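Here's the structure we're looking at; comments come further down.
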Amino acid sequence: MGFEAASRGAQSVVQIDANRDVISALKASKERLKAECVDVIKANVSAYLSGPPEVFDLVFMDPPFRKNEVIQALAALEKGGWLSPRAKIYVECEHELALLQDVPASWVLWRKGCSGDVAYYLFERQMN
């Protein structure tokens, strides 16, 4: 999704993954597509979100399932200053996760659905 966003005019895209093979594939795609606005970072998302924030207008989150990472990451996005006041946050997670009870209060659900084992949600942050 990051490369698609870049191809549609995103000023900058940050792709984060802890898996070495995924990072290699992302870097190869970046090179092949000449996607200069894309940064590929090998890191655990929790470690990345504990660092100095960048403000994002759009976040796509698809963490490893059943590792209890998504709720912590959502909280870190909100508390750490990572989101613009009207940011959109798209999340994919395991369908059995009760995600809605742990979403920050300032996030409004726009859409949700389920496809097989995957639940997906689109939120908009509502801050003044």
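Of note:
- Flag for residue 81 being in a loop (DSSP other than H, G, I, E, B) and small (Gly, Ala, Ser): yes
- Residue match in segment 94-103 (condition: at pLDDT 90 or above, assigned to a strand (DSSP E or B) and farther than 20 Å from residue 127 by Cβ): yes
- Members of segment 108-128 found to be in contact with an Asp or Glu (Cβ under 7 Å, 6 or more places away or on another chain), of a type outside the set (A, V, I, L, M) and part of a strand (DSSP E or B), listed by number: 110, 120
- The C-beta contact set for segment 19-37 (first residue not assigned by TED's automatic domain parsing to the domain that holds residue 62, second residue among the small types (Gly, Ala, Ser) and in a helix (DSSP H, G or I), distance under 7 angstrom, 6+ apart or interchain) comprises 35/6; 37/6.
The values are calculated or read from the model by the stated rules, or taken from the named source; none is laboratory data. From a predicted model like this one, the values you see are computed outputs, not experimental measurements. Glycine gets a Cβ as well: all are built from the backbone with ideal geometry, and neighbour counts include every protein chain shown.
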